[in-house]
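Notes follow once the structure below has been shown.
The values are calculated or read from the model by the stated rules, or taken from the named source; none is laboratory data. All figures in this text were calculated on a predicted structure; none of them were measured in a lab. Note that we place each Cβ from the backbone using ideal geometry, even for glycine, and neighbour counts take in every protein chain shown.
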Amino acid sequence: MSASLHKGLQSLQHYLINNNPYIELSKEPMTEKPSATLPGTVEKIIKSPLPSEPEKAQITVEGADHLYKEIRIENTLTDENGDKVQLKPGAEVTLTVEAQPEVTTPHDEKGSKVPAA
């Protein structure tokens, strides 16, 4: 690949990332844990057939593979006051995956895994 084409692709990538409404770029310093954040939408609330089991919120994760885009979690969250709250259908949510640094490996520019040292 020529240097000018490579530079052009980098500029395009930078433009697309900075103008994508689904990608939040934070000005805050990086956390200690590597993480990924994706937007999602609560598709439905699933009532439990058993009173001893909690209801579930089914969330569609934007950017996930087609067969794996839906997850179900217990529909109990804690607000800033420590009170229990529940998600409503149609709610826009943010899903974050964090890992300890020692269980991750670096990626090259193509996104494939680089063997650990």
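Any residue in the stretch 61-90 that is under 18 Å from residue 36 (Cα atoms) sitting within a Cβ distance under 8 Å of a residue that is basic (Lys, Arg) and in a loop (DSSP other than H, G, I, E, B)? List the pairs, counting only those 6 or more apart or interchain.
Final answer for the pair search is 61/69; 62/69.
Just one of 16, 9, 25 is at pLDDT below 95 and surrounded by 11 or more Cβ atoms within 10 Å (Cβ to Cβ); which is it?
9
Taking the condition of being in a strand (DSSP E or B) and either among the acidic types (Asp, Glu) or at pLDDT below 95 (or both), how many residues in the stretch 39-76 meet it?
Result for the stretch 39-76: 3.
Keeping to the stretch 91-108, report how many residues are touching a residue at least 24 places away in the same chain (Cβ under 8 Å), more than 21 Å from residue 43 (Cα to Cα) and surrounded by 10 or more Cβ atoms within 10 Å (Cβ to Cβ).
Result for the stretch 91-108: 3.
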